[in-house]
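Please read the structure below before turning to the comments.
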Amino acid sequence: MEGPDLAGAREAEADPWAEVPAILARIPAFRFPPRDHVVTAYGATGDGRTDDQAALKRAIEACAAGGGGRVVVPPGEYLTGPLHLESDVNLHVCAGATLKFVTDSCRYLPPVLTRWEGVECMGLSPLIYACDRERVAITGAGILDGQAGPGRWWHWAGPWEGARATGWTPGRPHQAAARANLMEWAAAGVPVRERVLTEGELLRPAFIEFFRCHDVLVEGVTVRNSPMWGIHSVFSRAVTVRRVQVSSLGPNNDGCVTDSCRDVLIEDCQFDTGDDCVAIKSGRNEDGRRVNLPAEDVVIRGCRMQDGHSGVAIGSEISGRVRRVFVEKCMMDSPNLDRAFRIKANSTRGGVVEQVYLRDIGVSRVREAAVRIDLRYAQAEEQGRALPTVRGLVIERLECAQSGRAIWIEGLAAGPVRDVRIIDSVFGQVDAPNILLHVEGLRLQHVVFPAPA
């Protein structure tokens, strides 16, 4: 019988990547019944001018009532308002087909249950939405176009970086007041059903949102011009996002957001975004702690990241914890990509991030830093009482040709970043030295930095 010291050593040496097959085994490759409901048979025109929402809705309802199958959108341009998916329904958008979503915000009423920047509320319907559904999918080689742009949805963000590009002008209303109200309601414990936010509050909806769903698939489609977050899964399990292209450069236009979800696979996707390409979150402040659901068992592989704030980001809303994240074989390259990997939190939002593993990451260039951990994100001082915890990050075989800095880690005096390992990695051209503040247990093994000038 081995002693506790030997048992602990063996456990510490166990390969964390051995957990990935078990995660993937919990994500089923489900099939839909072989029944097609072609939307033109329900009155859709696809002429790009006629409002086809009612016809699309009829097709979705008929498909669900008949036991499920595919709702097929053939080639053409289909103008529509929000679409709500049902269980056992696969919205299949064929090559040559485009769903174009109207930008009249009143069309996204009545409010639905959603999570806005980590806080639950009743908000505008996402453009495509499913709540409490099982075996639901969006597939095909077609295009989903939110038609957002300067003066259409994006200007609600207000004085954003690059505000002119959003169409916002000084003196014009924006989201700040409603955002502050929502945070105050959550802090005061106002019931979620009473946190009602309509189009007058100027809080933009996500493009695609799966809320409390199980067995979800998004595959093959192109998502462009989103009002806010692109693909947002909340409180959901067994989620696959595969071979999807997200192209949307507006404010808060994160590409794929995993929000308090378990068993998630994001693979072979391409992101060109106005915010983080892939973001992992778990709720904000009191509301995130109230729900207390982590984001866990997330696998991201084979993706390509172009413009964005970060290739893969954890945070900033992590009050419900993040753990067991695996990122591999991703490529990142753009003069407008700020960071390859980032963790962001602060002492108001709190939360725990642990067991995060990256390997075989290729980075041609990033503007700020290849690896960035910031525990004072959006917070000048340590003013909160919910210290975030970041520990157990392992990065293997990261190759970065050009970056502002290689490593930039800022923990807190009362809560340092702990146990970060970077192994067998190479940093090429670096414009400025590393920053390491309040870091404990940083280990660099076979790491190459450029020679001093």
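The values are calculated or read from the model by the stated rules, or taken from the named source; none is laboratory data. This one's a predicted model, so the numbers in the text were calculated from it and none came from an experiment. Note that each Cβ is placed from the backbone with ideal geometry, even for glycine, and that neighbours are counted across all protein chains shown.
The table below gives the values:
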| item | result |
| --- | --- |
| Residue in the range 145-175 that is modelled with the highest pLDDT, counting only those that are under 22 Å from the mean Cα position of the chain (by Cα) and farther than 21 Å from residue 106 by Cβ | 160 |
| Lone qualifier among 41, 54, 59 - being at pLDDT 95 or above, closer than 30 Å to residue 82 by Cβ and in contact with a helix residue (DSSP H, G or I) (Cβ under 7 Å, 6 or more places away or on another chain) | 59 |
| Residue pairs meeting the criteria (Cβ under 7 Å; at least 6 apart or on separate chains; first under 25 Å from residue 196 (Cα atoms), in the range 163-180; second assigned to a helix (DSSP H, G or I)) | 168/155; 168/157; 172/155; 174/156; 174/157; 175/156; 175/157; 178/201 |
| Checking residue 230 against (1) closer than 20 Å to residue 353 by Cβ; (2) touching a residue at least 40 places away in the same chain (Cβ under 8 Å); (3) not polar (S, T, N, Q), the condition it does not meet | (1) |
| Test result for residue 351, crowded, with 24+ Cβ neighbours inside 10 Å, among the small types (Gly, Ala, Ser), under 12 Å from residue 389 (Cα atoms) and touching a Ser or Thr at 6+ places or on another chain (Cβ under 7 Å) | yes |
| Those strands (runs of 3 or more DSSP E) lying entirely in the range 38-115 with at least 2 residues over 24 Å from residue 230 (Cβ atoms) | 47-51 |
| Filter result for the condition that a residue is assigned to a strand (DSSP E or B) and at positive phi, over 392, 428, 404 | 392 |
| Total residues in the range 346-373, condition under 20 Å from residue 300 (Cβ atoms) and not in a loop (DSSP other than H, G, I, E, B) | 19 |
| Residue 324 being among the basic types (Lys, Arg) and either free of Cβ contacts under 8 Å to residues at least 24 places away in the same chain or within 26 Å of residue 399 (Cβ to Cβ) (or both) | yes |
| Condition check for residue 93: modelled with pLDDT of 95 or more, among the β-branched types (Val, Ile, Thr), closer than 19 Å to residue 140 by Cβ and under 28 Å from the mean Cα position of the chain (by Cα) | yes |
| Criterion (surrounded by fewer than 18 Cβ atoms within 10 Å (Cβ to Cβ) and either touching a residue at least 24 places away in the same chain (Cβ under 8 Å) or of a type outside the set (Asp, Glu) (or both)) met by exactly one of 114, 45 | 45 |
| Single residue of the range 239-270 satisfying the filter (of a type in the set (Asp, Glu) and in contact (Cβ under 8 Å) with a residue 60 or more places away in the chain) that is farthest from residue 307 (Cα to Cα) | 263 |
| Among (1) touching a helix residue (DSSP H, G or I) at 6+ places or on another chain (Cβ under 9 Å); (2) hydroxyl-bearing (Ser, Thr, Tyr); (3) surrounded by fewer than 20 Cβ atoms within 10 Å (Cβ to Cβ) - the single one residue 357 does not satisfy | (3) |
| Any chance residue 358 is farther than 17 Å from residue 231 by Cβ and touching a Gly at 6+ places or on another chain (Cβ under 9 Å) | no |
| Residue list for the range 142-187, restricted to those being of a type in the set (Gly, Ala, Ser), buried (at least 16 other Cβ atoms within 10 Å of the Cβ) and either closer than 27 Å to residue 236 by Cβ or in contact with an Asp or Glu (Cβ under 9 Å, 6 or more places away or on another chain) (or both) | 142, 146, 148, 157, 178, 186 |
| Selection from the range 52-97 of residues that are in contact with a Pro (Cβ under 9 Å, 6 or more places away or on another chain) and farther than 26 Å from residue 29 by Cβ | 53, 82, 96 |
| Top-ranked residue of the range 283-317 - restricted to ones that are in contact with a Ser or Thr (Cβ under 8 Å, 6 or more places away or on another chain) and assigned to a loop (DSSP other than H, G, I, E, B), ranked as farthest from residue 16 (Cα to Cα) | 307 |
| Single residue of 431, 419, 374 found to be out of contact with any Cys (no Cβ under 9 Å at 6 or more places or on another chain) and under 20 Å from residue 285 (Cβ atoms) | 374 |
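Rundown of residues vs (1) modelled with pLDDT of 95 or more; (2) out of contact with any strand residue (DSSP E or B) (no Cβ under 8 Å at 6 or more places or on another chain); (3) under 28 Å from residue 179 (Cβ atoms), yes/no style:
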{"position": "78", "(1), (2), (3)": "yes, no, no"}
{"position": "98", "(1), (2), (3)": "yes, no, no"}
{"position": "111", "(1), (2), (3)": "yes, no, yes"}
{"position": "117", "(1), (2), (3)": "yes, yes, yes"}
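Residues checked against (1) in contact (Cβ under 8 Å) with a residue 40 or more places away in the chain; (2) β-branched (Val, Ile, Thr); (3) surrounded by fewer than 17 Cβ atoms within 10 Å (Cβ to Cβ):
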site: 370; (1), (2), (3): yes, no, no
site: 388; (1), (2), (3): yes, no, no
site: 402; (1), (2), (3): no, no, no
site: 412; (1), (2), (3): yes, no, no
site: 433; (1), (2), (3): no, no, yes
site: 439; (1), (2), (3): no, yes, no
site: 450; (1), (2), (3): no, no, yes
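A quick yes/no check of all residues on (1) at pLDDT 95 or above; (2) touching a Lys or Arg at 6+ places or on another chain (Cβ under 7 Å):
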residue: 291; (1), (2): yes, no
residue: 302; (1), (2): yes, yes
residue: 318; (1), (2): yes, yes
residue: 334; (1), (2): no, no
residue: 339; (1), (2): yes, yes
residue: 386; (1), (2): no, yes
